[in-house]
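Quick notes on the structure that follows.
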Amino acid sequence: MSANYLLITPLMLPLLGAITCVFLWRHVNLQTIVVACVQLIFIGITGLMLRQVLTEGIQVTHIGGWPAPYGIALVADILTALLLLTTSIAGLAVFMFSHIALDKSRKRFGYFPLFLLLQMGVSGVCLTGDIFNLYVWFEVLLICCFALIALGSKKSQLEGALKYVTINFIASGLLLTGIGVMYALYGALNMAELAQIVRSSHANVKLLALPGVFFLTGFGIKAAIFPLFFWLPASYHAPPIGISAFIAGIISKIGIYTLLRLYSLIFSVEINSAQPLLLILSGLTMAIGVIGAAAQMDFRKILSFHIISQIGYMLMGLAIYTPLAIAGSIFFVIHNMLVKTNLFLVSGVVAHRYRSFSLVRLGGVYLMHPTLSFLFLISALSLAGLPPLSGFWGKLMLAKGGLEAGNYILVGTSLGVSLITLLSMTKIWNEVFWKPRPKRIKNSVRETMSAYTLYFPVFFLLAFILVLGFFAQPVIELSQRSADQLLHSETYIKAVLYD
Amino acid sequence: MLVVLVLCLLFAFFAPRLYRLLGRYVAIPMAILPFGIFVYLLSFFPEVLRGSYIIQLYKWVPALGINLQFRLDGLSLLFGLLITFFGGLIMVYAAGYLKDNPLLGRFYLYLTLFMAAMLGMVTSDNLFCLFLFWEITSITSYLLIGFDNKNVKARSSAWQALLVTGMGGLALMASFILINLATGSYTFTELLAQNTSFSGHSYFAPALILLFLGCFTKSAQFPFHFWLPNAMAAPTPVSAYLHSATMVKAGIYLLARMSPVFAGADAWGYTLVVIGGCTALLGAFLALQHTDMKAILAYTTISALGQMVMMLGLGTTVALKAMLVFLLAHALYKGTMFLAAGAVDHCTGTRDITRLNGLARLMPVTALAATLAALSMAGLMPFFGFIGKELLYEAALSSKIYVWLVFGLTFLTGIVYVAVAVVLSFGIFWNKVKHPTKLEHAPGYMLYLPPFILGFLGVAFGLAPKIAVTPILERAVQSISRGELVELELALWHGFTKELGLSVLTIILGLLLYKALKFVQSRYAILNPVYNLGPERLYHKAFDGFLVFAKKLTMVLQNGNLRRYIIYLILFFSALMFYVLWHDTPHILFASRVVIIQELPFHDVVIFVLVSSALFYLLGTRSRLTSIVVMGLVGYSAALIYIMFGAPDVAATQFLIETLTVVIFVLLLHKLPAFIYLSHQFKKYNYIAISILFGTVMTYTMLVVQDHTIESELKTYYGQTSLLEAHGRNIVNVILVDFRALDTLGEITVLAVAALGVFALLRMQPEKGEKP
Amino acid sequence: MEILLPVLTGILFSVSIYFILHRHLFKLILGLILFGLATNLFLFVVGGMKRGGIAIIAQGNEVPVEPYSDPVPQALLLTAIVIGFGIQAFAIVLIRRVYQTFRSNNMDNLNNNEKI
Amino acid sequence: MRTLIFATAIRILTPVFLVFSIYILLRGHNHPGGGFIGGLIGSIAFVFHTLAHGTKQTNKSYFNLTFYKFDKKPDHGKFRHALRLLRKNIVRNKNEKPVFIWNYYLLRLRPTYLMATGLLVAVFSGSVGLFTGKPFMAAYWLNAKIPLIGSLGTPLLFDTGVYLLVLGMVLKMVFTMSKD
C-alpha cells in the first residue's frame, strides 16, 4: 500500500466512521456496527503500517502534494506505528466493553462519534510532522475528551470536566504561544525542518530554551508531569468506564509521545541543560503519583493516581536519554497503555456487578468470581512490574539505563515507587477481592448474561499483555530500533525533507 | 528444564479443573508431577557426579541478554531434589489437611506454581532469570499465606511478607544490574569463569549491599525476620514447604551461589557472620518464649537460617560443608515437625503446647515421626542431625574470624534446639498425664504418612550417609567452593573428638534448659518493652506513617481547589521562564524602542488606552451584563488591531466570533439567578501578584522574540506559488484550504465535536444511580 | 503599536489570570475567554506584524507586492481563533450546567472529586 | 429584543445575509472571505432570526418544507394530478385546508446533519486527490473559469464543506441553547 493511503487512513477512517455515526444519530445499533468495522479495519491498517515502516523505513506523505517544509507532512516511524497499533487494540477492547456496559442514553447522545473522533485525534498527533498541526490534533483530542468526560452530566463528571477544561485550555494557550515563538525565531513549522535549523548555525539557536519552556509546560500539562498533573486525578475517575478506560489508558501517554518526539527531534541539542530538570521532574512525578495512590480508597482513583506515577517512569527514559532508557520508555508506554486500559476495564466489570468503586464497600470477589480475580491479579502484577509480566521489562530497561548513566537516586526512586505500586495493587486485591463482602452492604450482585460477556474485552487485552510479557523479545527489539530511530534524527529529517 | 516448567504450569492451571473432576483425589496427579520431576532430575545425577554440569539454553529476550539458561550442577541438583521430593509429600499432605476446603483446587494451583518457580530459581543460570523466579516465589507465597482470605491476620501477614520480600527483590534486581554492568556477564557460569574479581570496581560495594538486602529479606535474617513468624498464618503445608524447607532457603541458595564471586571481600564474611549470628541467637531466644507450636518452629527456622548464613560467612570449605549438611538435615527434621504439628493442629484444633499432651496413644505414627525428627534436631547419635551438628561445631571451631563468638552462638543455639526438640516431642506426645488431650478426629493416612517418610529419612541418612547423600553433597560443596577439589567424608563416628564431647554437653544442657523452661518463660515478660523498639514495630510504624503521610501530602497538593492547581502551573512556567531569560540573557533593543515610542501614531495610543481602561473597568464591575458588553468591546478592539496590521480575514473572523460569543453568553448566562456576590477573599493580593508576574513574563518574552524575529521562507514560498500553483489570490485563504488544509480539517472537527458536546451537555439528563 | 501591543497583551494576560483565579464561576469563564484572546494576540505580535500590505495578490500581479504581512501567522491565528471559539463555547455551556447542577457559583464548592 | 421593527428588519435581512454569506464564501479564494467567514455570517443571520422570532419560527421559515399532498381525483390523469400538486405547493392558499401535509423537516433538530454533510464534503474534496494517485488533499482544478469565483477546484469544495459545517455547528449550538 502506498504511503499516501497508508498514512491518511488512520485519520480518515475514524472520521468517516464518525460522520456515518452522526448520520445514523438515532440508530445506535447501526452505529455500533459501523464502529466495530472501523475498529477492525483500524487494527489491520496499523498492523500494515508497522510492517511497512519496518521493511521500508520511515513513511512520509505530503498532504496536498506540497513539498515538505511548505505543506503538512504526515510521518510514520516505528514509534508512531507501534503506538497506533497499541491504541487500536485498546480501542477495540474499550469499544467491546462499552458496547455491552455503557448506558443507552450516553450512546444516544453521541458516544460513538466522539469516541471515533478521539481516535482520530490520537492518530493525528502520532502521525503529524508539523508542529502547528500537532496542536490542532491535540485540540481535536482534547475537545473529544471534554465532551466525553462531561457526557452524562453527573455531578462528579461536571466538576471533573470543569477542572480538565480550565487547565487544558491554559495548556493549549501556552502551546499556541510556544508555536508562535518557534515560528518567529526559526520561521518554520515543519518539525524536520526545525530539527535541521536548530542543528545549523542559525542565529537564534541559542534561544531554543525559550520555546522549550512553552512546550515543556504545555505538553507537561497534557502528559500530567509533576507540578502540572492536578487535573488528572480530578477528572479521570468521574465518567463511566467505557469512557475513562480509553482516556486514562491512552490519552495521557500521548503527551509523553509528543515530549519524546519533540525532545529527540528539536530540543535534543539542548538536552544537556534540560536533563537535570527532567530528571528531577520524573522522580517527583513518579513519587508524588504513587504517594497519592497510596492515600486513596477508591478503585479508580488509585488507578488514576498510578497513571501519574507511570508517566514519571516514561519521562525517566527521556530524562536519562540513552538508547536503552528511551527504548525502556517506549516499551513502558506500550505496556502501560494496554495494562492501564485493562485495569480500568476490570474495575468496570467489578463495578458492573457490585455497583461500587469504593474499596470499603466492595469485597468477596475472590470467592464469587475467581476468573475476574485472576484477570485483575495478572494485570495488577504486570502494572507493578512483576516478572515475567510486561511491566517488568520496561522497569528493567529503565533501571539498567539509569544505572548505566549513573542516575542512582532516580533509579532508587523508581524501584521504591515500584514497591509502593505493588503495595497499592495488593491493597486493591486485599480489599476488593480477598476481604469478605461487608455485611451491611445490601446491593444485590448483578448476575446477568452481559456481566459475563464483559469478560471478553478483558480477556482480549490480557492476551496481549501476556504475549507482551512472555514473548517480549520482538517488542523490545522494536522499541530499541525505535529508540535508535529517535536518537538518529537525521534519518527522520532526510525522510521528510529530501525523499 | 523448560519442558518441566511448562509442564508445571499446565498442571497448575488445570488443578482447579481437576479438582472439580476428582475432588480431593486431585492430590494424586498433583503429587505424581513432583515425583516425576524428581526422577527426571535424578537422571542427571551420574553426569553431575562426574563433576561436570549441564547447561540448557533457550533464547528468550536476547535483546536484553535475558535467556532461559539453566545450569544443573551439584548445588542446583541438591536443591532441585529437595524441592521436588518435599513438594510431592506436601501435595499429598495438603489433600489431607485441606480436604474440606472448597478452594483446594486453587491451593494446588498456587502450590504447583510455587514449586515451578522454586525449581526454576535453583536451576537458572541467568541472573535475571533467577530474579524472575525469585519474584514469582514471593507472589505465590503471598497468595498462599493469605489462602485463608477471610482471616484478617492472614491477609495482613501475607501483605507484610510480600512487601518485605518485594523490597528485597527490587534490591536484588538493582544488584544484578550492577553486577551485570560491572562484569558484563549475565550468567553465573560466566561470572564464575571470570578469574579477576570485580572487588575493585566501584559497583562492588553497592552490588554487595543490595544482594544482602535481597537475600536477608527472603531468608528472614535479622532485622527482616519478623515476617516469617507472621507468615505462619498460612495453612501448615505451606508453612512446612515454603517457610521452612524451600523458599526461605532461596536467600541461602543465592548467597551460596554468589559466594565464589564475593567471598574474597572482608565485607562479605563479616557481614554474614554478624547478621547470621544475630539471627541465630535471636531466633533461638524467641523460640523459647512461645507456646504456639508453629511459632516455635518458625523461630527455630529463623535461627537455623541464621546459622547457615553464619557458616557461609566463614567461607571455609568445612563451613560450606557444614552449611549444606545442616541445610539438608534441617529441611528433613523441620519439615517433619511442621507436618506433625499440622496434623496435631488439624486433629485437636489447637497448637498451644500447654494444652497438648499425651497424644502418642491417639496418633502413634505422627508421634513416631515427630520424635524421630526431634531426635535429629537435638543432634542425637544415629540421626542425620547429629552429623550436621558435628560439622557445625567443627566449622565454628576452625573459624578464622571471631572464633569464640561463632562457636558460642552455635553452641547456644544447639542447646536451645535440644530443649525445643524435647518440648515438641516429649512434651506433646509422650508426657504422661491423667487427662490427655482429646482428638476431634483421627489423622488420615494423608496426614501421617508424609511426616513419617521424612522422619524416617532423617534416620536413614544418618545411618548410611555414604550411600545416600555424600556424593550429591560433595558435588554441591564443590560447586560453591572456589575451584579447589572437595572431598566430603560423612560418618557418624569420628572417634572421641572434642566435637563429640561438645555434642554430649549440648544435650545435657539442653535437657536442663527444658526443665527450667517454665522459669525462663516467666522471665520473658521483662523484655516486652524491648519489642516495642524491634524491627516489626518499625515496619508497622513506617507503614502507618507512610499512609498518614500520603494522605496528608495528597490533601495538601490535590485539595480540589482548581485555583491552587493553576497557581502551581503559572509559578512553574514563570520560574522556568525566568531561569531561561536570566541564563541566556537575550538582548532587547531598548534604544530603537524609545524612538518608536516617540513616533507612536495617535490612534494607536487611543486604542491602547481604550482597551486597558476597558479591562480595568472589567476588573471592578459586578454586573454580569456590563461584563459581557465590555468583554465584547475588548474583542472588537482586537479585531480592529488585526485589521490595522493587514489581516482582514482574521479581523472578520474575530469580529464574527466575538459576536457569537456574546450571543451565547446572553443566551446562557444572562438569565441565571444572581447568586451571591463573591469577592476574592483575603488572598486577593497574592492573586494580583501572580497575575502581574505572568503578564510581565509574557510581555518580556514577546519583546525578546520581537527583536529576534526573522523573515520566514514560508512566506516567500506561499507568495510565489499562491496564484500560480494554487490558483488563489487571497494567500491566507489559500493556506487554509490548500497549503495547510489538514489544519482546517482538524479545526472543523473541533467545531463539530464542540457542537455535539454542547448538545449532550444541555439536553442529556443525568441518570439515577451509579453505573460503571 | 509594535511596542504597545506586547504591553497590552501582557495586561490582558494578567487580567485573564486574575479572573481565572477568582472563585466566581462567571469570572472564570470571562478569564478563559480573555486568556484565549491574549494568546491570539501573542501569536499575532510575535508572528511579525507589519502595517499596511495585506497578503492578497492584486489583480494583474502574479506575486504579492512587498511589503506585505506574513500570511502564515494569520492563517494559524484564524485556525486558533476558531478552535478557541469551539472550546470556549463548550466551556460556557459547561459552566452553565455546573451552575444549574450545583446551585452555586462558587468554585470552592467544587472539590468533591478529590475527597479521599 | 422582540420589538416589531427589529423583528421585521431581521425577517427581511436574513435572506440578504444568507446570499451575502454565500458570496463571501465564493470570493474567498481571491478576496478576503472564505468558508469560515461566510459560514459565520450565514449563521449569525440565523442566530438573529432566532433571537427575534424564536426557534420555532426560524425552523418554520427556513428549515421546514411543507408539502401538500392529496389523493388523485378519479377523472384526472397522472400528468394533471402532478400539475395540480405543483400548483398547490407553489401557490399556497392559506384558507384552503390541505388534505394531507407531508412535513419534511429539512434541518429541524438536525443541523447535525448539516455538520456531517460539511465534514463529508471536506473529506471528499480531499479524497479526490487520493483517487488520482496523489496525496490526500491534493488539489484538482477544472479548466473552466467562472466570473465571480475564478477557477473551480477541490479547494473551493473544501471551503464549501467548511461553510456548511460552521453553519451547522452554530445552528446546532444556538438552537440547543435557546430551547433550554
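The values are calculated or read from the model by the stated rules, or taken from the named source; none is laboratory data. Keep in mind that what you see is a predicted model, and the values were worked out from it rather than measured. Neighbour counts run over all protein chains shown; Cβ positions are idealised from the backbone, glycine included. Surface accessibility is based on the protein's heavy atoms, side chains included, excluding ligands, DNA and RNA. Shrake-Rupley method; radii C 1.70, N 1.55, O 1.52, S 1.80 Å.
Tabulated data for the structure shown
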{"quantity": "Boolean, residue A:19 is at the interface with chain D (Cβ under 9 Å from one of its Cβ atoms), open to solvent by less than 10 Å² (accessible area, probe 1.4 Å), under 27 Å from residue A:188 (Cβ atoms) and among the β-branched types (Val, Ile, Thr)", "calculated": "no"}
{"quantity": "Residues that are under 19 Å from residue B:690 (Cβ atoms) and either open to solvent by less than 60 Å² (accessible area, probe 1.4 Å) or of a type in the set (Gly, Ala, Ser) (or both), drawn from the range B:534-567", "calculated": "B:557, B:559, B:561, B:562, B:563, B:565, B:566, B:567"}
{"quantity": "Qualifying residue in the range C:73-85 (condition: touching a strand residue (DSSP E or B) at 6+ places or on another chain (Cβ under 8 Å), hydrophobic (A, V, I, L, M, F, W, C) and open to solvent by less than 20 Å² (accessible area, probe 1.4 Å))", "calculated": "no"}
{"quantity": "Pairs, first part of a helix (DSSP H, G or I) in the range A:414-433, second open to solvent by 20 Å² or more (accessible area, probe 1.4 Å), C-beta under 7 Å, six or more apart", "calculated": "A:417/A:287; A:419/B:167; A:426/B:159; A:430/B:155; A:430/B:159"}
{"quantity": "Number of positions in the range B:376-392 that are under 18 Å from residue B:300 (Cβ atoms), assigned to a helix (DSSP H, G or I) and out of contact with any Lys or Arg (no Cβ under 8 Å at 6 or more places or on another chain)", "calculated": "8"}
{"quantity": "In the range B:723-738, residue surrounded by the most Cβ atoms within 10 Å (Cβ to Cβ) [restricted to those that are within 11 Å of chain A (Cβ to nearest Cβ) and assigned to a helix (DSSP H, G or I)]", "calculated": "B:737"}
{"quantity": "Considering residues of the range A:1-12 that are without any contact (Cβ under 8 Å) to a residue 40 or more places away in the chain and closer than 14 Å to residue A:117 by Cα only, the residue nearest to the other protein chains (Cβ to nearest Cβ)", "calculated": "A:12"}
{"quantity": "Elements of type helices (runs of 4 or more DSSP H) contained in the range B:25-128, each with 1 or more residues being modelled with pLDDT of 90 or more", "calculated": "B:27-42, B:74-97, B:104-123"}
{"quantity": "Pairs where the first residue, in the range A:254-277, is in contact (Cβ under 8 Å) with a residue 24 or more places away in the chain and the second is open to solvent by 10 Å² or more (accessible area, probe 1.4 Å) and of a type in the set (Val, Ile, Thr), C-beta under 7 Å, 6+ apart", "calculated": "A:263/A:271"}
{"quantity": "Residue selected from the range A:223-241 under the condition assigned to a loop (DSSP other than H, G, I, E, B) and open to solvent by less than 10 Å² (accessible area, probe 1.4 Å), by the criterion nearest to the other protein chains (Cβ to nearest Cβ)", "calculated": "A:230"}
{"quantity": "Among (1) open to solvent by 40 Å² or more (accessible area, probe 1.4 Å); (2) in contact with a Leu (Cβ under 7 Å, 6 or more places away or on another chain); (3) of a type outside the set (Gly, Ala, Ser) - the single one residue A:33 does not satisfy", "calculated": "(2)"}
{"quantity": "Matching residues, the range B:574-599, being within 12 Å of chain C (Cβ to nearest Cβ), in a loop (DSSP other than H, G, I, E, B) and touching a Leu at 6+ places or on another chain (Cβ under 7 Å)", "calculated": "B:588"}
{"quantity": "Single residue of B:610, B:619 found to be open to solvent by 80 Å² or more (accessible area, probe 1.4 Å) and either in a helix (DSSP H, G or I) or at positive phi (or both)", "calculated": "B:610"}
{"quantity": "Residue count for the range B:625-643, restricted to those that are free of Cβ contacts under 8 Å to residues at least 40 places away in the same chain and either open to solvent by 20 Å² or more (accessible area, probe 1.4 Å) or not in a helix (DSSP H, G or I) (or both)", "calculated": "6"}
{"quantity": "Some residue of the range B:231-238 being of a type outside the set (A, V, I, L, M) and under 17 Å from residue B:121 (Cβ atoms)", "calculated": "no"}
{"quantity": "Residue satisfying all of: in the range C:13-27; in a helix (DSSP H, G or I) and at the interface with chain B (Cβ under 7 Å from one of its Cβ atoms); nearest to residue B:669 (Cα to Cα) among these", "calculated": "C:26"}
{"quantity": "Meets criteria (within 20 Å of residue A:143 (Cβ to Cβ) and either of a type outside the set (A, V, I, L, M) or touching a residue at least 40 places away in the same chain (Cβ under 8 Å) (or both)) for residue C:83", "calculated": "no"}
{"quantity": "Residue B:147, sole failed condition from (1) within 14 Å of another protein chain (Cβ to nearest Cβ); (2) part of a helix (DSSP H, G or I); (3) within 22 Å of the chain's Cα centre (by Cα)", "calculated": "(2)"}
{"quantity": "Candidate set from the range B:407-416 (those that are within 33 Å of the chain's Cα centre (by Cα) and open to solvent by less than 10 Å² (accessible area, probe 1.4 Å)); member that is farthest from residue B:394 (Cα to Cα)", "calculated": "B:413"}
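For (1) assigned to a loop (DSSP other than H, G, I, E, B); (2) open to solvent by 50 Å² or more (accessible area, probe 1.4 Å); (3) touching a Gly at 6+ places or on another chain (Cβ under 8 Å), each residue gets a yes or a no:
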{"residue": "B:427", "(1), (2), (3)": "no, no, no"}
{"residue": "B:434", "(1), (2), (3)": "yes, yes, no"}
{"residue": "B:438", "(1), (2), (3)": "yes, yes, no"}
{"residue": "B:441", "(1), (2), (3)": "yes, yes, no"}
{"residue": "B:446", "(1), (2), (3)": "no, no, yes"}
{"residue": "B:456", "(1), (2), (3)": "no, yes, no"}
{"residue": "B:462", "(1), (2), (3)": "no, no, yes"}
{"residue": "B:488", "(1), (2), (3)": "yes, no, no"}
{"residue": "B:496", "(1), (2), (3)": "yes, yes, no"}
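For (1) within 14 Å of chain A (Cβ to nearest Cβ); (2) not in a helix (DSSP H, G or I), each residue gets a yes or a no:
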site	(1), (2)
D:118	yes, no
D:121	yes, no
D:133	yes, yes
D:139	yes, yes
D:175	no, no
